[in-house]
Amino acid sequence: MPEFKTLSLADIEAISFDALVAAGTSEANARPLAIATAATEADGVASHGMAYIPIYCEHVQCGKVDGQAVPHLEQPAPAVLTVDAATGFAHSAIDLGFDQLVPLARQQGVASLAIRNSYNCGVLGYHTARLAREGLVGLGFTNAPASIAPSGGSKPVVGTNPLSIAVPGADGEPAILIDQSASTIAKSEVMKHAREGKPIPVGWALDADGNPTTDPEVGLKGSMAPSGGYKGVGAALLVETMAAALTGATLGIDASPFSGTAGGPLRTGQFFLAIHPKATAGEAFAPLVERLAGAIHAQDGARLPGDGRKSHRLRARTEGVPVNVATLDRIQAIIG
């Protein structure tokens, strides 16, 4: 059985930051990624939390991501922002963009942020939730290396390609937070099962011939199962259009893999839309969201997307988060 140690969110951020810097990441790039790692652990999404720090560090050292990159922002149109991440971490590029996106959306009613030449942005819902906490409806799209085959085919063409929407709530936290990939399950979960030598449930992944498999290694060499069949493929194509074509980033079919050290920088993209609800609905927005959320919470056992993460988050602030000791040991070895 894996051994766990409980850490505070401050400890998680500090350890993550130290490891990233030790691996060659600038402090300016390490800080937003460390903050996001702690927040991801707080939300209970351990597959994208500290378990990724050794991978991030390895990718800095092998050149898959430039830890010293300086993102560059432009405003080509009144309500349009673009950021070239310069093959660096997406988190730094997103931070740079959000500093301008939030006030721009409040001024214009709606504003967009297109990011290209970036790396894995981690949990997409973490970023859209930040917009919701600013009172904006946040939509996010991020493409990934190809791992989903088209309907009727067996060769991957599009990635798991998450999309997210975060809706502001009265308590300052997202009232609704949808964050889902185009695959039945996030690829990181299959990778996690492969690392732990555990079988995966039927329906998570397919072999190279398009047949279901319970072997995570076989699934990683084949393709991820799209959520809802052809509908999942459609969602992946939607995200590919938004996050790659509309940003000028690399298509998933041409991107190097997130895993391993081969292939060089990924150069994938992210696209965000921030909408000021008062500009579109006036004072009607908040009561309508409250009515919608209330209709779901009024049912015994029913929950909204994001409820689970919110309960984890509130608990983690006081109780900390259990972290796999083996993962901690790997990170401490990087820090030295």
The range 65-95: number of residues that are in contact with a strand residue (DSSP E or B) (Cβ under 7 Å, 6 or more places away or on another chain), aliphatic (A, V, I, L, M) and either more than 19 Å from residue 273 (Cβ to Cβ) or surrounded by fewer than 21 Cβ atoms within 10 Å (Cβ to Cβ) (or both)
4
Picking from 273, 266, which residue would you name as being part of a strand (DSSP E or B), surrounded by 15 or more Cβ atoms within 10 Å (Cβ to Cβ) and aliphatic (A, V, I, L, M)?
273
Among the residues of the range 93-152, write down those that are more than 16 Å from the chain's Cα centre (by Cα), aliphatic (A, V, I, L, M), assigned to a loop (DSSP other than H, G, I, E, B) and under 22 Å from residue 174 (Cβ atoms).
136
Could you check, for the range 159-179, whether at least one of its residues is at pLDDT 90 or above, crowded, with 17+ Cβ neighbours inside 10 Å and more than 30 Å from residue 289 (Cβ to Cβ)?
yes
A careful count of residues in the range 195-233 that are in contact with an Asp or Glu (Cβ under 9 Å, 6 or more places away or on another chain) and among the small types (Gly, Ala, Ser) gives 4
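Every residue, every condition in (1) surrounded by fewer than 16 Cβ atoms within 10 Å (Cβ to Cβ); (2) outside any loop (DSSP other than H, G, I, E, B), yes or no:
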site: 280; (1), (2): yes, yes
site: 283; (1), (2): yes, yes
site: 287; (1), (2): yes, yes
site: 300; (1), (2): yes, no
site: 309; (1), (2): no, yes
site: 323; (1), (2): no, yes
site: 327; (1), (2): no, yes
Which condition breaks for residue 151 when tested against (1) buried (at least 17 other Cβ atoms within 10 Å of the Cβ); (2) touching a residue at least 24 places away in the same chain (Cβ under 8 Å)?
(1)
Exactly one of 149, 105, 90, 132 is assigned by TED's automatic domain parsing to the domain that holds residue 269, at pLDDT 95 or above, of a type in the set (A, V, I, L, M, F, W, C) and more than 30 Å from residue 288 (Cα to Cα), and that one is 90
Which residue pairs have Cβ atoms under 9 Å apart, sit 6 or more places apart or on different chains, and have a first residue in the range 8-22 that is in a loop (DSSP other than H, G, I, E, B) and a second that is surrounded by 20 or more Cβ atoms within 10 Å (Cβ to Cβ) and β-branched (Val, Ile, Thr)?
8/321
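The values are calculated or read from the model by the stated rules, or taken from the named source; none is laboratory data. In this text, all values refer to a predicted model and were calculated from it rather than measured experimentally. Heads up, the Cβs are rebuilt from the backbone with ideal geometry, glycines too, and the neighbour counts pull from every protein chain shown.
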